[in-house]
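Working notes, structure below.
The values are calculated or read from the model by the stated rules, or taken from the named source; none is laboratory data. Just so it is clear, the model here is predicted, and its values are computed rather than measured. Quick reminder, even Gly has a Cβ in these numbers, built from the backbone with ideal geometry, and neighbours come from all protein chains shown.
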Amino acid sequence: MIRRIDLRDADRTLPPGPDVLPRAAVDVEAALATVRPICDDVRARGLGAVLAASARLDGVEQKSIAVPADALRDALHALDPDVRVALEESVARLRRTCRAERGTDTSTEVVPGGTVHQRLVPLRRVGLYVPGGLAPLVSSVLMNVVPAQVAGVESLAVASPPQREHGGLPHPTILAACALLGVEEVYAVGGAQAIAMFAYGAGPCAPVDLVTGPGNIYVVAAKRLLKGRIGIDSEAGPTEIAVLADDSADAADVAADLVSQAEHDPMAAAVLVTDSVALADAVSAELERQVPAAKHAERIRAALTGTQSAAVLVDDLDHGLEIVNAYAAEHTEIQTADAAERALRVTNAGAVFVGRWTPVSLGDYCAGSNHVLPTGGCACHSSGLSVRTFVKTVQVVTYDETALREVAGHVVALAEAEDLPSHGDAVRSRTQR
């Protein structure tokens with residue numbers, strides 16, 4: 001079911017290239033041609049363009065994009081009690097980690113009379129996107145909203161695709177989560193038109209400063225297109241899992257974890273990296289057993305048999321770490337006899353899950369970590385969603401006369417070196433009177 005790539009005895013003098021590692025064929029650049037006219041239309045016509053796109057792409061005729069307050073209240077009231085308790089526990093755990101990372105202002109006395117104060121300032125207004133295509137990702141509501149709230153964002157809005165089966169509103173579980181978190185501004189808008197709505201404003205939705213949240217390739221393309229007009233968290237595409245495992249790993253556990261992420265999307269990537277042929281064989285056998293029994297077997301099979309998924313054989317676990325770091329997965333599991341030590345050597349990953357009792361599914365919901373993470377190899381340079389995503393640093397510089405006079409010569413010398421003499425004159429005008 002899952003193909004095998006044998007990298008044993010491969011040349012290890014250079015990191016493995018993209019032609020070696022399994023990766024989904026996601027062409028965001030090609031999708032730009034589709035989303036550009038949608039975004040341009042929203043910029044030109046506002047709400048009318050959003051409504052037209054929803055009718056054409058989602059099959060939903062709308063008179064208003066704003067979700068009524070009573071729909072939010074009703075959704076929360078109708079929410080399954082067990083689901084509500086689970087959401088509340090997930091929120092509580094996420095708030096703990098978010099508060100711990102919030103940070104405080106710092107002040108440094110560079111010289112006597114000269115200080116640089118670093119202020120942590122929350123963004124004014126953010127737009128949070130919650131997918132609602134193949135699955136109603138209610139957990140993404142929490143992962144977006146909680147860090148924004150802890151950061152102190154003044155104004156936040158959530159957008160999620162309208163659903164024909166739910167009267168043109170987003171999925172009721174998503175609405176319930178918004179109500180649970182006290183989010184009152186929710187829009188039934190999905191896809192590229194939602195990102196454009198956040199960027200330009202449309203109808204009751206005012207423009208935002210930052211857009212966060214995962215989505216399909218058209219959402220990703222719209223975020224790339226509009227970056228600069230708005231800030232974005234990342235271009236989060238189809239989910240990925242890489243499992244580094246040795247012969248101490250339980251094949252059923254490994255297979256279950258690969259299946260769990262393949263369940264997201266036919267384009268999801270599931271990669272096993274191991275030095276044990278016996279484990280690779282056992283995992284393949286488990287996949288043949290587990291996949292037919294899964295509710296979304298067809299979707300899972302498509303993901304596991306795609307070019308983005310593979311079992312990769314390596315010489316040893318050090319070689320495996322090289323592969324895992326080169327791959328830079330959204331989720332990296334370490335299921336080895338020395339998992340804790342080896343996890344510390346993973347430098348490129350959205351999140352690392354250590355040992356048998358820490359599956360990616362835990363992080364998807366209730367670990368206290370955030371599941372909005374970089375994909376497509378972007379973990380080599382980008383981080384997952386956090387409180388820091390919603391906070392900017394403002395430097396406040398204060399020098400007195402003595403401190404400026406003491407450094408004036410250096411400023412003038414550097415200004416002359418850059419052939420910007422007026423920079424130096426701005427200092428001279430103060431110190432040579």
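Candidates are the residues of the range 317-345 that are part of a loop (DSSP other than H, G, I, E, B) and without any contact (Cβ under 8 Å) to a residue 60 or more places away in the chain; the one that is farthest from the chain's Cα centre (by Cα) is D338. Any idea which of V411, V427, V387, V407 is surrounded by 15 or more Cβ atoms within 10 Å (Cβ to Cβ) and in contact with a Cys (Cβ under 8 Å, 6 or more places away or on another chain)? Selected residue: V387, the only one of V411, V427, V387, V407 that is surrounded by 15 or more Cβ atoms within 10 Å (Cβ to Cβ) and in contact with a Cys (Cβ under 8 Å, 6 or more places away or on another chain). Scanning the range 14-33 for residues that are modelled with pLDDT of 75 or more and over 18 Å from V324 (Cβ atoms) turns up V28, E29, A30, A31, L32, A33.
A Cβ distance below 9 Å, combined with a sequence gap of six or more or placement on separate chains, defines the contacts here; from the range 23-49, residues that are among the acidic types (D, E) reach residues that are surrounded by fewer than 18 Cβ atoms within 10 Å (Cβ to Cβ) in the pairs E29/R224; D41/G48; D41/A52. Looking only at the range 55-81, residues that are surrounded by 15 or more Cβ atoms within 10 Å (Cβ to Cβ) and touching an Asp or Glu at 6+ places or on another chain (Cβ under 9 Å) come to 3 in all. Candidates are the residues of the range 12-66 that are in a helix (DSSP H, G or I) and of a type in the set (S, T, Y); the one that is nearest to G167 (Cα to Cα) is S54. The requirement of being in a helix (DSSP H, G or I), modelled with pLDDT of 95 or more and not assigned by TED's automatic domain parsing to the domain that holds D275 is fulfilled nowhere in the range 371-379; no residue meets it. Closer than 20 Å to G113 by Cα and not hydroxyl-bearing (S, T, Y): is that true of V391 in this structure? No, not satisfied. Answer with yes or no whether E286 is acidic (D, E) and either assigned to a loop (DSSP other than H, G, I, E, B) or surrounded by 16 or more Cβ atoms within 10 Å (Cβ to Cβ) (or both). Yes, satisfied. Is it true that E322 is charged (D, E, K, R) and buried (at least 21 other Cβ atoms within 10 Å of the Cβ)? So E322 does not fit the description; no.
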